[in-house]
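The values are calculated or read from the model by the stated rules, or taken from the named source; none is laboratory data. Bear in mind the structure is a predicted one, so any value in this text is a computation, not a measurement. So basically every Cβ, Gly included, is an ideal-geometry build from the backbone, and we count neighbours across all protein chains shown.
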Amino acid sequence: MRYLSCGKVKVGERIPSLSHLSRELGISIAALREQLEVARVMGLVEVRPKTGIRLLPYQFKPAVVQSLYFSLSQNADTFLKFADLRTHVETSYWYEAVGLLSSEDHRELRLLVQRAKEKLASNPPQIPHEEHRLLHLTIFRRLDNPFVQGILEAYWEVYEAVGLDVYTDFAYLERVWQYHEKMVEAICRQNFNEGYDALVEHMDLIYQRSKRPSYQTFE
């Protein structure tokens, strides 16, 4: 790990073989393999049979996800606390994030709302989970902050793991997308205060669910 942070290898470049590193650093190959696996799980390196080991751009998400899964295995209420953190992150960065969005982003957000409404209106209705995830991540994707992005991306990965993407209360889903449409239309009109109010009201819905998430397995 120290070798990766010393600046000898740039993002995208190939890292020397383990045998080379073992000679250079005076560390056994077995110990290096253990450290390499940690670096891989943390999203720091890519390991492929033909291309070898390459340094990846920094991401905060892998570390957050691994830590959160462990926390969930110890305390079933952790997700609601993490969801509260995510709420504060989105509300705190709302004005900065929506101010960076382009007209193309606006069109994409409107398309996501349209796709979600079509899924809800289909027979039988479909859960627009992918649209839900993409809508929120699209709103905040222009922020140049890997820590904010990591928290928001980790939220959606764990959201799926705890089963919230299969929540089937149709009235709840309709309310969610009414708020989403209001948020998106406010963004497109540059009425960021109205969009912020809709975001805050929408965030409260997660605590109104009658179904508790299931935390049985986190592998």
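Structure notes:
- Scanning the range 113-125 for residues that are free of Cβ contacts under 8 Å to residues at least 60 places away in the same chain and surrounded by 14 or more Cβ atoms within 10 Å (Cβ to Cβ), we see that the one that is nearest to the chain's Cα centre (by Cα) is ARG115.
- Some residue of the range 203-214 being under 19 Å from the mean Cα position of the chain (by Cα), among the β-branched types (Val, Ile, Thr) and at pLDDT below 95: yes
- Within the range 32-55, the residues that satisfy the criterion of being surrounded by fewer than 16 Cβ atoms within 10 Å (Cβ to Cβ) and either closer than 23 Å to PHE82 by Cβ or in contact (Cβ under 8 Å) with a residue 12 or more places away in the chain (or both) are ARG33, VAL38, VAL41, THR51, GLY52, ARG54.
- Taking the criterion of being touching a helix residue (DSSP H, G or I) at 6+ places or on another chain (Cβ under 8 Å) and more than 12 Å from LEU143 (Cβ to Cβ), the residues of the range 81-104 that qualify are PHE82, ALA83, LEU85, ARG86, THR87, THR91.
- Residue within the range 143-155 that is in a helix (DSSP H, G or I), in contact (Cβ under 8 Å) with a residue 60 or more places away in the chain and either farther than 30 Å from GLN66 by Cβ or among the polar types (S, T, N, Q) (or both) present: yes
- When LYS61 is tested against (1) free of Cβ contacts under 8 Å to residues at least 60 places away in the same chain; (2) under 19 Å from the mean Cα position of the chain (by Cα), just one condition goes unmet, and that condition is (1).
- In the range 174-190, the residues that are among the acidic types (Asp, Glu) form Cβ pairs under 7 Å with partners that are in a helix (DSSP H, G or I), at six or more places apart or across chains, as follows: GLU174/LEU120; GLU181/VAL113.
- Exactly one residue among TYR93, TYR69 is aromatic (Phe, Trp, Tyr), closer than 26 Å to GLU201 by Cα and either over 18 Å from the mean Cα position of the chain (by Cα) or not assigned by TED's automatic domain parsing to the domain that holds LYS8 (or both), and that residue is TYR93.
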